[in-house]
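Okay, structure first, notes after.
The values are calculated or read from the model by the stated rules, or taken from the named source; none is laboratory data. Bear in mind the structure is a predicted one, so any value in this text is a computation, not a measurement. Cβ placement follows ideal geometry from the backbone for every residue including glycine, while neighbour counts extend to all protein chains displayed.
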Amino acid sequence: MYTDKVMDHFMNPRNVGEIEKPSGVGEVGNPTCGDIMRIYIDVEDDIIKDVKFKTFGCGAAIATSSICTELVIGKSIDEALKLTNEAVAEALDGLPPQKMHCSNLAADALHKAIADYKAKQEAK
Amino acid sequence: MYTDKVMDHFMNPRNVGEIEKPSGVGEVGNPTCGDIMRIYIDVEDDIIKDVKFKTFGCGAAIATSSICTELVIGKSIDEALKLTNEAVAEALDGLPPQKMHCSNLAADALHKAIADYKAKQEAK
Amino acid sequence: MRRVYLDHGATTPVHPEVIEAMVACMRDHFGNPSSVHSFGREAKKLLEDARSNVAKLIGARPEEIIFTSGGTEADNLAIFGVARAMRKKGNHIITSAVEHHAVLDACLALKKEGFEITVLPVDEYGMVKIEDLKAALRPETILVTIMHANNEVGTIQPIKEITRIVKEHGAIMHTDAVQTAGKIPVDVNELGVDLLSASSHKIYGPKGVGCLYIRKGTKMFPLTHGGGQERKRRPGTENLPGIVGFGKAAEIMTRDLPEETSRMTKLRNRLIEGFTAIPEVKLNGHPTDRLPINVNVSIRYIEGESLLLMLDMKGIAGSSGSACTSGSLDPSHVLLAMGIPHEIAHGSLRLTLGRDNSEADIDYVLQVVPEIIERLRAMSPLYDR
Amino acid sequence: MRRVYLDHGATTPVHPEVIEAMVACMRDHFGNPSSVHSFGREAKKLLEDARSNVAKLIGARPEEIIFTSGGTEADNLAIFGVARAMRKKGNHIITSAVEHHAVLDACLALKKEGFEITVLPVDEYGMVKIEDLKAALRPETILVTIMHANNEVGTIQPIKEITRIVKEHGAIMHTDAVQTAGKIPVDVNELGVDLLSASSHKIYGPKGVGCLYIRKGTKMFPLTHGGGQERKRRPGTENLPGIVGFGKAAEIMTRDLPEETSRMTKLRNRLIEGFTAIPEVKLNGHPTDRLPINVNVSIRYIEGESLLLMLDMKGIAGSSGSACTSGSLDPSHVLLAMGIPHEIAHGSLRLTLGRDNSEADIDYVLQVVPEIIERLRAMSPLYDR
Ligand SMILES: Cc1ncc(COP(=O)(O)O)c(C=O)c1O
Ligand SMILES: Cc1ncc(COP(=O)(O)O)c(C=O)c1O
Ligand code: FES
Ligand code: FES
């Protein structure tokens, strides 16, 4: 069902956890299945220094969460905002059709975390 | 499907053929399946001395024709008239349910032959 | 005693490689293809490999194949499925008088649901006439279902031409290819059909499995409801060993088709020559447009069942009409539709060849049969002369 | 790696004796049971022997057993068959919220045909309440279909009592016994039901075959049309190898039932104790009126699929909800009907035991599972503390 890359990220997820004092936090629930992801980002000079996540969801949800963190660490927030669900799925060598919706979770949560960061910046 | 007795009478039918100058002949077509039987009887002093048959029909039709001839040779025509389809089927150790109608052929043809004989007698 | 099986049109022996594949499936990959775990994934792989093999046999794409419990279910699924889905568009269905009961009886059942059914007649060879089809098509015709080759007399219908006309008219075309898929070349795109039924047990696969080819975009309802298997078109835990067997059989048939076809044709022609040399024995069905495995003759003055029984005592297995209707007393509806009189239809014999038949088998049959015919004719009141 | 199959509720390995019987059937008795000749008669005998064995498993007479392509078809045949035959008498059907999709979806399809469907709720254990049934019965109720035991949570319904009420009311009673026939004692006369569905692949027989018990005198229409097989209630060439396998499986289950039941119950109870000792893990289904093979637990803060995948990496095969719906994203309709909240239902695990499981398997599972739960909880945003 899943590619080797999905299974690798599922069994050995990168960057699981929380960031003590995050620059931004985003949490989304997947409207299709009800699964949940929370993402923490640590931003310095508009560059994403660190990302951590927690996910309640299927194998694809956990794997996309994991690869998403890898894809954006070291990127600028503008670059990170360009990350699409398709790009996430592609980085995992694809997802089964009925699991494409799972890839939404990661990118959406990331975008939300960045929005949270931006809102906090403006509030300063 | 068929009992050993049916198969024996089918493979080695008794009294197949015609009688040159029969005392009576009966022919019936089976209303259920269209099969045909013709029976010839040779009667002397109201006793059936000889019987022959010809049958165009299924295995059960041939076997019942055969056993029917055996059952009535040597019998009086009154006794022969009492021969029922059930008795014919029973003498063969039974017939499959969907083949019970085949046993009609023999007894009906016999009764018709006897009627033919009687009619000829009266005509004399 | 020598046993010669000549009833391959009714069912075939299961090919040893098919049995092997099924045993391996049951022994090592028994999982439910819907399950997430490794047992399920292994089963799923076998299922999809089989689907590819069956698709290949008829030139289809794997995703156009829906597995069923046999040809009967495939026919019913096609006919009820289209009728119920297209009811708003029209209520007229066309079929032919020589279809298998799975098609005919499904159409009759739809009649009770308010559909109108036109049953096309056939000519003396069992062939549908194109003019009749053209005349029968109406604006409200939603489905035409005509078999590829007849199971009793072996006549092959001009499905490609029929389909062209049906498609031009805008109706859906189904063909029952239970007797052809695996026996003669069948290609859904060459034929152009929207739906095509096939069955495993006619081509050395196991009984109880078949398939319906459904061209992408064809609207139809399922017959049964439940789990989401087979793209929701045919729910229920898949008959995995059966499907794997069907897949293996399809693979073998695809491989051996050209060779077997020419071998069968030779044996068939010898049988036909031998039988028609007997007085008052006549070939039924088309002389050339016929299945390579099919011989069907009418033997005057003789009734079919007693002939079959006598053959059986000599180890020869044949049939009279189709096996499915052998419980019935009516003479074959196919022969009657071809204009053959009742009592001659009653005396028909079908011998259908297969991979296990040899020249020696034919020798044996041609040696044994004339005596049997003579014996039965001697018993027959119709054979007075 | 150790492989522990704990998904016998989804499907079972095929018993070696079953495989043997099927191979013998395919190798030596491949005939069509409808054929007149010796090949056909041999096949017919195997068919009827299997029918006797299956009948015996559920205390029925052989002539009351109709073979189908599985539990799904048996359920559909029962429900559509009665509905269409009894339409004139009434249009109301009662079922329960925890039925298998084969029953629920068939009922929903009938709704579109104008039938009224009452779906009885269940209590927290998944049990139908007798008062609810009584309240739902109407003069126009023609059919009540309630499963014998639930496939997901294992709860056994009081079918005997339910049937008594339904029969007093004059309606027809069907029960889906796919999860019970062969696993706990099932006797159609003791239960009193008119119709009962069973399936082969849940009891170490092959997939793709099942049966419907039809009490003599029960009026029903067929689902499909064609040859006269199975007393015209289910046409099509019989799946002989599958049926022979089902018969053998039924024979083995009849023989081994008491012993296996007590062995399964012990293993089940160990699993339940082990799981419920883990914090925030709760048993689903009835604590005592449950299948001896069924364990179903909700593990808070964890999602089912990822749990299954982790177990799978350790060689343990389980399921989350029923296998047939594993392609779907909705949490189990059974757990939701029992009042379990969405995200807890999402984190349910079903382990179903079988003949091949040992005490050592249970040891292994109970050793592996707590770590996995811990790992997944550590990843879960719901498990903040
Ligand atoms: C032309 C044709 N259609 C349909 C069928 C039915 O197929 P099955 O036996 O797989 O149900 C048969 C054979 O019985 C057949 O010959
Ligand atoms: C309770 C119940 N009913 C029906 C079915 C369907 O049976 P089958 O898989 O044989 O179609 C199943 C299993 O999938 C089941 O557990
Ligand atoms: S199913 Fe919910 S995220 Fe994959
Ligand atoms: S079927 Fe005609 S007499 Fe038997």
Response to the item:
C:Thr224 meets each of (1) closer than 30 Å to D:Lys232 by Cβ; (2) outside any helix (DSSP H, G or I); (3) away from ligand 2 (no atom under 16 Å from the Cβ); (4) of a type in the set (Ser, Thr, Tyr) with one exception, condition (3)
Worksheet entry | Residue, farthest from D:Phe39 (Cα to Cα), within region C:1-31, restricted to residues that are within 7 Å of another protein chain (Cβ to nearest Cβ), touching a residue at least 24 places away in the same chain (Cβ under 8 Å) and touching an Asp or Glu at 6+ places or on another chain (Cβ under 7 Å) | C:Pro13
Fill in: Residue match in region D:204-220 (condition: among the hydrophobic types (A, V, I, L, M, F, W, C) and assigned to a loop (DSSP other than H, G, I, E, B))
yes
Discussion item. Looking only at region A:17-47, how many residues end up being away from ligand 3 (no atom under 16 Å from the Cβ) and at the interface with chain D (Cβ under 9 Å from one of its Cβ atoms)?
Written reply: 2
Worksheet item: Does D:Leu196 satisfy being within 14 Å of another protein chain (Cβ to nearest Cβ) and part of a strand (DSSP E or B)?
Response: no
Practice prompt. Check whether at least one residue in region A:103-123 is within 17 Å of A:Asn12 (Cα to Cα), at pLDDT 95 or above, away from ligand 3 (no atom under 16 Å from the Cβ) and not aromatic (Phe, Trp, Tyr), and report yes or no.
Written response: no
Worksheet item: Out of all the residues in region B:19-41, which are away from ligand 4 (no atom under 16 Å from the Cβ) and more than 13 Å from the chain's Cα centre (by Cα)?
Response: B:Ile19, B:Glu20, B:Lys21, B:Pro22, B:Ser23
Item to complete: Evaluate region D:338-359: report whether one residue or more is more than 12 Å from chain C (Cβ to nearest Cβ), out of contact with any Leu (no Cβ under 9 Å at 6 or more places or on another chain), under 17 Å from D:Thr12 (Cα atoms) and buried (at least 16 other Cβ atoms within 10 Å of the Cβ).
Response: yes
Discussion item. Out of B:Ala80, B:Ala89, I need the residue that is more than 16 Å from ligand 1 (Cβ to nearest atom), in contact with a helix residue (DSSP H, G or I) (Cβ under 8 Å, 6 or more places away or on another chain) and within 18 Å of B:Lys5 (Cα to Cα). Which one?
Written reply: B:Ala89
Discussion item. When you check D:Thr118 against the structure, is it of a type in the set (Ser, Thr, Tyr) and surrounded by fewer than 22 Cβ atoms within 10 Å (Cβ to Cβ), yes or no?
Written reply: yes
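Here's the yes/no breakdown for (1) touching an Asp or Glu at 6+ places or on another chain (Cβ under 8 Å); (2) among the hydrophobic types (A, V, I, L, M, F, W, C); (3) under 26 Å from D:Lys207 (Cα atoms):
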residue	(1), (2), (3)
C:Pro139	no, no, no
C:Ile142	no, yes, no
C:Gly154	no, no, no
C:Ile214	yes, yes, yes
C:Pro222	no, no, yes
Practice prompt. Being more than 14 Å from chain D (Cβ to nearest Cβ) and either more than 29 Å from B:Lys54 (Cβ to Cβ) or buried (at least 24 other Cβ atoms within 10 Å of the Cβ) (or both) is the filter here, so list the residues in region C:300-324 that pass it.
Written response: C:Ile302
Fill in: Residue, surrounded by the fewest Cβ atoms within 10 Å (Cβ to Cβ), within region D:230-256, restricted to residues that are facing chain C (nearest Cβ under 7 Å) and assigned to a loop (DSSP other than H, G, I, E, B)
D:Pro235
Discussion item. Among the residues in region A:49-58, are any outside any loop (DSSP other than H, G, I, E, B), more than 12 Å from the chain's Cα centre (by Cα) and among the small types (Gly, Ala, Ser)?
Written reply: no
Worksheet item: Only one residue in D:Gly205, D:Gly245, D:Gly210, D:Gly182 is within 16 Å of ligand 2 (Cβ to nearest atom), touching a Pro at 6+ places or on another chain (Cβ under 7 Å), modelled with pLDDT of 95 or more and not β-branched (Val, Ile, Thr), so which one is that?
Response: D:Gly245
Worksheet entry | Flag for C:Glu152 being in contact (Cβ under 8 Å) with a residue 40 or more places away in the chain, closer than 30 Å to C:Arg268 by Cα and away from ligand 3 (no atom under 16 Å from the Cβ) | yes
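Table: residues versus (1) over 22 Å from D:Thr145 (Cβ atoms); (2) of a type in the set (Gly, Ala, Ser); (3) in contact (Cβ under 8 Å) with a residue 12 or more places away in the chain.
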{"position": "D:Glu190", "(1), (2), (3)": "no, no, yes"}
{"position": "D:Ala198", "(1), (2), (3)": "no, yes, yes"}
{"position": "D:Lys207", "(1), (2), (3)": "yes, no, yes"}
{"position": "D:Arg215", "(1), (2), (3)": "no, no, yes"}
{"position": "D:Gly226", "(1), (2), (3)": "yes, yes, no"}
{"position": "D:Gln229", "(1), (2), (3)": "yes, no, yes"}
{"position": "D:Gly236", "(1), (2), (3)": "yes, yes, yes"}
{"position": "D:Gly245", "(1), (2), (3)": "yes, yes, yes"}
{"position": "D:Leu257", "(1), (2), (3)": "yes, no, yes"}
Response to the item:
Scanning region C:46-60 residue by residue, the ones that are buried (at least 22 other Cβ atoms within 10 Å of the Cβ) and either touching a Phe, Trp or Tyr at 6+ places or on another chain (Cβ under 7 Å) or assigned to a loop (DSSP other than H, G, I, E, B) (or both) total 4
Worksheet item: Tally time: how many residues in region C:155-176 are part of a strand (DSSP E or B) and without any contact (Cβ under 8 Å) to a residue 40 or more places away in the chain?
Response: 2
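Here is a yes/no grid of residues against (1) farther than 22 Å from C:Asp289 by Cα; (2) away from chain D (no Cβ under 12 Å); (3) within 16 Å of ligand 1 (Cβ to nearest atom):
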{"residue": "C:Asn53", "(1), (2), (3)": "yes, yes, no"}
{"residue": "C:Ile58", "(1), (2), (3)": "no, yes, yes"}
{"residue": "C:Ser69", "(1), (2), (3)": "yes, no, yes"}
{"residue": "C:Asp75", "(1), (2), (3)": "yes, no, yes"}
{"residue": "C:Asn91", "(1), (2), (3)": "yes, yes, no"}
{"residue": "C:Ala106", "(1), (2), (3)": "yes, no, yes"}
{"residue": "C:Ile117", "(1), (2), (3)": "yes, yes, no"}
{"residue": "C:Glu124", "(1), (2), (3)": "no, yes, no"}
{"residue": "C:Lys134", "(1), (2), (3)": "no, yes, no"}
Item to complete: Only residues that are farther than 16 Å from D:His201 by Cβ and at the interface with another protein chain (Cβ under 9 Å from one of its Cβ atoms): list them for region C:32-51, please.
Response: C:Val36, C:His37, C:Ser38, C:Arg41
Item to complete: Quickly run through region C:259-276 and pick out the residues that are within 19 Å of the chain's Cα centre (by Cα) and surrounded by fewer than 17 Cβ atoms within 10 Å (Cβ to Cβ).
Response: C:Thr261, C:Thr265
Worksheet entry | Selected residue (criterion: nearest to ligand 2 (Cβ to nearest atom)) from residues of region D:61-98 that are assigned to a loop (DSSP other than H, G, I, E, B) and buried (at least 24 other Cβ atoms within 10 Å of the Cβ) | D:Gly70
Item to complete: Would you check if there is a residue in region A:98-115 being crowded, with 16+ Cβ neighbours inside 10 Å, β-branched (Val, Ile, Thr), away from ligand 4 (no atom under 16 Å from the Cβ) and part of a strand (DSSP E or B)?
Response: no
Discussion item. Would you confirm whether or not region D:207-221 contains a residue that is on the phi > 0 side of the Ramachandran plot and away from ligand 3 (no atom under 16 Å from the Cβ)?
Written reply: yes
